[in-house]
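Accompanying notes for the structure given below.
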Amino acid sequence: MRDFGGFAEYVCADENDLAFKPANMTFEQAAAIPQAGVLALQGLRYKGQIRGGKKVLINGAGGGAGTFAVQIAK
């Protein structure tokens, strides 16, 4: 996984690294998805050092990163 940041007004990227935004989703919602997903993945994998077969307790998973963390941990 490559991390190029997510807060630029303009960016140059390879077309294979991009995806279409669903028509029923706002730009803000679409921008939040990868940010929350990466935060969850980093928290579990790098800070938590979670690997397959481990048990995980995710307390208060109501936000973006927590929602992704539950799915990734599962």
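Quote the charge dipole size of the chain about the Cα centre in Debye, to the nearest 20; the model charges only the Cβ of Lys and Arg (+1) and of Asp and Glu (-1).
700
Which value, in nm² and rounded to one decimal, describes the direction-averaged projected area of the C-alpha convex hull of the chain?
Quarter of the Cα hull surface area: 6.3 nm².
In sequence order, what are the phi-derived ³J(HN,Hα) couplings for segment 55-72 according to the Karplus relation 6.51 cos²θ - 1.76 cosθ + 1.60 with θ = phi - 60°, rounded to whole Hz, with x for glycine and proline?
9, 10, 10, 10, 9, x, 8, x, x, x, 5, x, 4, 5, 4, 4, 5, 5
Which residue, 16, 59, 24, tops the fluctuation ranking in a GNM of the chain built on C-alpha contacts under 10 Å?
16
Among the GluC sites (Glu not before Pro) in the chain, which ones are in a DSSP loop with at most 14 other Cβ atoms within 10 Å of the Cβ? Mind listing them? Could you put the intermediate results ahead of the total?
On the way: sites: 9, 15, 28; in loops: 9.
The qualifying sites are 9.
Which of these, 36, 23, 61, has the largest mean-square fluctuation under a Gaussian network model of the chain (Cα springs below 10 Å)?
23
Provide the per-residue ³J(HN,Hα) series for segment 17-30, in order, calculated from phi with Karplus coefficients 6.51, -1.76, 1.60 and θ = phi - 60°, each as a whole number of Hz, with x at glycine and proline positions.
These are the phi-based 3J(HN,Hα) values: 8, 10, 9, 6, 7, x, 4, 8, 10, 6, 4, 5, 5, 5 Hz.
Name the residue from 32, 12, 58 whose Cα lies farthest towards the positive end of the charge dipole of the chain, charges +1 on Cβ of Lys and Arg and -1 on Cβ of Asp and Glu.
58
How much mean residue ellipticity at 222 nm does the chain get from its helices, if each DSSP H run of length 4 or more adds -39500 (n - 2.57) and you divide by all residues, to the nearest 500 deg cm²/dmol?
Theoretical 222 nm ellipticity from helices: -11000 deg cm²/dmol.
Note down the relative contact order for the chain as a percent, whole number, built from C-alpha pairs under 8 angstrom at least six residues apart.
On the way: 36 pairs, mean separation 21.3, N = 74.
Relative contact order comes out at 29 percent.
Bear in mind that the values in this text are calculations on the coordinates, not laboratory data. None of these values were measured; they are calculated from a predicted model. All Cβ positions, glycine included, derive from the backbone under ideal geometry; neighbour counts span all protein chains shown.
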